[in-house]
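Visitor: Here it is, the structure, as C-alpha cells.
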Amino acid sequence: DSPDYRDVGLEFPAGFLIGAATAAYQIEGAATADGRGPSIWDTFSATPGRVVDGDTGDVAVDHYNRLDADLDLMADLGIEAYRFSISWPRIQPTGSGPVNEAGLAFYERLVDGLIARGIRPIATLYHWDLPQALEDAGGWTNRETAYRFAEYTRHVAEALGERVHVWTTLNEPWCSAFLGYGSGAHAPGRTDGVAALRAVHHLNLAHGLAVQVLREVAPRAQVSVTLNFHVIRGADGPDSEAVRRIDALANRSFTHPMLVGGYPDDLIDDTAAVTDWLFVRPGDTEIIRQPIDFLGVNYYSTTRVRMWDGIAPRQRADGHKDVGGSAWPGSDDVEFLTQDGPYTAMGWNIAPDGLEELLLRLSREHPGLPLVITENGAAFDDELSGDRVHDDARLDYLRRHFTAAHRALQQGVDLRGYMVWSLFDNFEWGYGYSKRFGIVHVDYETQERTVKDSGLWLARLIEERRIPE
Ligand code: GBH
C-alpha cells in the first residue's frame, strides 16, 4: 500500500533548513539599472514569439527597487534560508573585465539585509542569465565561457565570500544546455544537438573551475551545484532502453562527470551519430570532478518514456512548447508519454513518490554526499479574494512533498534542507507571467505582495518544525 503523503505532525530535526528560492532574472526587473548589461534572456524575451504574451523580465516583480520591503516580508514569514541568484551581467555587463561596483552593491545590500534578519543566504552564481556579449562569442558552446565564469566567480567570491557561506555554482545545467541549445525553448533559443552537447561539457567545466576558485577564495564555504533530475518511469518496464537513454542524457551527463569522473560510456555511444566528444580535453575530467559539500536537488514531476520505431512524435507531455528543436540529441526515437494526473497548471503530474524515490536513489548511489532540496513547488491558477489567496492545491502539493522528504529522512537519507520554489510569483521563463509558482502573490499592476495560504502554512511549518494541519 503506497502512502498518500498527506501526513500531519511529522517533525523536522533542528538544523534542517527550510526556506524559499528565487532567481535574478525572474524577480529583479531594473534591467538597465546601475550599468547592468543585457543577458541572453533579455534578447530572447525581446524576440517576438519566444515568450508567452511577449512578456519580459524588464520589470518582473521589481525586487531590485523593493529590496528592503521584500527582506521584511521574508523575515515575517520566518524563512531560515533564502536561495537567490546573482546576475552575471550586473557584475560584469559584458561577461568579462572589471567589476561593475554599482551592480555588486545590490547583492551586498541583499546579503547584509538577510544576515541582519537572521536568514541564511544561499547564493547561486548562474541561473541562466548569460551576458549577451558572451553568447555573441558562442555562449556555452565556446570553451572560453567556462573560463569567463571562473573569473566572474572570483570577483563575486572576493566580495561576498566572508558573508555568504553556502554557494551553488550552476542551476540546472540540463536546462541551459538542452533547452537553450537543443530544443530552443529557452535562451539563446538555438536548435542544434552538437551545440547542446558542447554546452553540457562547458557547463560541467565551468562548474569544476568555479569550485576550485571558491575553495581558494572562500575556503570555509559550503559549495554545491543544483541539478534538475528526471525521475523516469518506463512504459516498457523500469529497466527499459528508453529509461536508460533518458537517464544518461538528463541525469548522468552531469552527475557522472561531477561526482564519479568522466562521461558515461553509454552516453557517448548513444550520441555517437551526433558528436565524437572531442571537445573534452585531457585534464578536464579531473577539473570537473571536484569534491562538493552537498548536492542541490530540484524536483517537480516525473517523466514517462518508451522507445518508438522511428522519430517519436513530440507530445508536449514534457511541459515545453514545441519550438522545433530536440532536447534529446541522439534519442529522438524515445517517446514521452502523458502521465496520469492530477496535474499542476504547467501540465506536470503531481508525484511526491518521485521525490522520495529520487532522494533514496541519490543517497544510495552517492553515499556520503549530503542533499538539499533547492527547488520544489507548483504553479496553479490563484485568485485573490479580498486580502487572501486560498491556494489549497499548492498547499496540498507542498504538504505531500514535505511528507515525501520526511519519509526519505526516516530512511536514513542525509537531507539537510528544503527550499520552496518560489518565494514570489515571477517571470516563468517561456511562460512569462502566465504561470504563478509563488507562496507570495504579486499583483503585476501595483506590485502589491500578498502572502498566500501556502505561505502562511510554510511559516507555521517553520515555526512549529512539524507539518501543520
Ligand atoms: C526550474 O526549472 C527553474 O530552476 C526555475 O527557474 C523555474 O521557475 C522552475 O523550475 C519552474 O519551472 O519534460 O523532460 O523537460 C524547472 C525546469 C521543468 C525541466 C520540468 C524539466 C520536466 C522534464 N524543469 N521539466 S521534461
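Visitor: Out of (1) part of a helix (DSSP H, G or I); (2) of a type outside the set (Asp, Glu); (3) in contact with a helix residue (DSSP H, G or I) (Cβ under 9 Å, 6 or more places away or on another chain), the odd one out for Ala242 is which?
Guide: Just one mismatch for Ala242, condition (3).
Visitor: Based on this model, can you work out whether Thr446 counts as modelled with pLDDT of 95 or more, more than 23 Å from Glu172 (Cα to Cα), more than 16 Å from the ligand (Cβ to nearest atom) and part of a loop (DSSP other than H, G, I, E, B)?
Guide: yes
Visitor: Looking at this structure, is Gly35 among the small types (Gly, Ala, Ser), over 26 Å from Gly430 (Cβ atoms), out of contact with any Gly (no Cβ under 7 Å at 6 or more places or on another chain) and away from the ligand (no atom under 16 Å from the Cβ)?
Guide: It is false that Gly35 is among the small types (Gly, Ala, Ser), over 26 Å from Gly430 (Cβ atoms), out of contact with any Gly (no Cβ under 7 Å at 6 or more places or on another chain) and away from the ligand (no atom under 16 Å from the Cβ).
Visitor: Restricting to segment 409-435, name every residue that is touching a strand residue (DSSP E or B) at 6+ places or on another chain (Cβ under 6 Å) and more than 14 Å from the ligand (Cβ to nearest atom).
Guide: Leu409, Leu415, Arg416, Gly417, Tyr418
Visitor: For segment 245-304, what are the residues that are more than 20 Å from the chain's Cα centre (by Cα), of a type in the set (Ser, Thr, Tyr) and outside any helix (DSSP H, G or I)?
Guide: Of everything in segment 245-304, those that are more than 20 Å from the chain's Cα centre (by Cα), of a type in the set (Ser, Thr, Tyr) and outside any helix (DSSP H, G or I) turn out to be Tyr263, Thr271, Thr275.
Visitor: Name the one entry in Gly377, Gly330, Gly354, Gly438 that is within 12 Å of the ligand (Cβ to nearest atom) and either surrounded by fewer than 23 Cβ atoms within 10 Å (Cβ to Cβ) or in a helix (DSSP H, G or I) (or both).
Guide: On inspection, the qualifying residue turns out to be Gly354.
Visitor: Name the single residue that is surrounded by the fewest Cβ atoms within 10 Å (Cβ to Cβ) among those in segment 61-92 being among the acidic types (Asp, Glu) and within 24 Å of Thr226 (Cβ to Cβ).
Guide: Glu80
Visitor: Tell me, which helices (runs of 4 or more DSSP H) lie completely within segment 79-167 with 2 or more residues that are within 22 Å of the chain's Cα centre (by Cα) and closer than 24 Å to Gly417 by Cβ?
Guide: Passing ranges, in order: 101-116, 144-160.
Visitor: Related question: Would you confirm whether or not segment 451-464 contains a residue that is modelled with pLDDT of 95 or more, surrounded by 21 or more Cβ atoms within 10 Å (Cβ to Cβ) and more than 30 Å from Asp7 (Cβ to Cβ)?
Guide: no
Visitor: All but one of (1) outside any strand (DSSP E or B); (2) touching a residue at least 40 places away in the same chain (Cβ under 8 Å) hold for Gly417; which doesn't?
Guide: (1)
The values are calculated or read from the model by the stated rules, or taken from the named source; none is laboratory data. Just so it is clear, the structure is predicted and the values come from calculations on it, not from any experiment. So basically every Cβ, Gly included, is an ideal-geometry build from the backbone, and we count neighbours across all protein chains shown.
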